[in-house]
1. How big is the chain along each principal axis, measuring the range of its Cα positions in Å and listing the largest first?
2. Could you work out the helix-only [θ] at 222 nm for the chain, with each DSSP H run of four or more residues adding -39,500 (n - 2.57) and the total divided by the number of residues, to the nearest 500 deg cm²/dmol?
3. Report the Stokes-Einstein translational diffusion coefficient (µm² s⁻¹, integer) for region 1-76, Rh taken as the Kirkwood radius over Cα pairs, at 25 °C with viscosity 0.890 mPa s.
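Where a number appears in this text, it was derived from the coordinates with a stated rule and is not lab data. Remember, predicted model here, so these are calculated numbers, not experimental data.
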């Protein structure tokens, strides 16, 4: 089986939906951000503070290379994984890519009180979220095999939609 990569902006539900999808499909699940924290023994925020976004992205790419070659399951990616061209190529080459898409309104409702998102630690986090979506949406679309709008329905219902979409269009 190829990997199933869930991509999309922070707060869209990649981890929550990914866990449900992996369970439905009886395959392993991994979240790249959680895996990086586990392997490094520090938070994503700490990596950003010490190494900056560039250092974090390098660690993220190394992990993705490993998963592309040695993992067969559902992968919830970090929201910015598509910002690196090499990562987009790895995603496309090694699995099915599902872009979980949500409106700024939905994302803001989910993230407005979040303190553990380094890119949102700004004076105007909603504006930053809007800018990130505008910049990344074309990259998500470029990499995606499937685009699924989220926001209505439970995580389980979304996981069933993803599974159905993949099964019908494979």
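1. 44, 34, 26
2. Details: 7 runs with 99 residues, N = 170.
So the helix-based figure for the chain works out to -19000 deg cm²/dmol.
3. Diffusion coefficient, whole number: 189 µm²/s.
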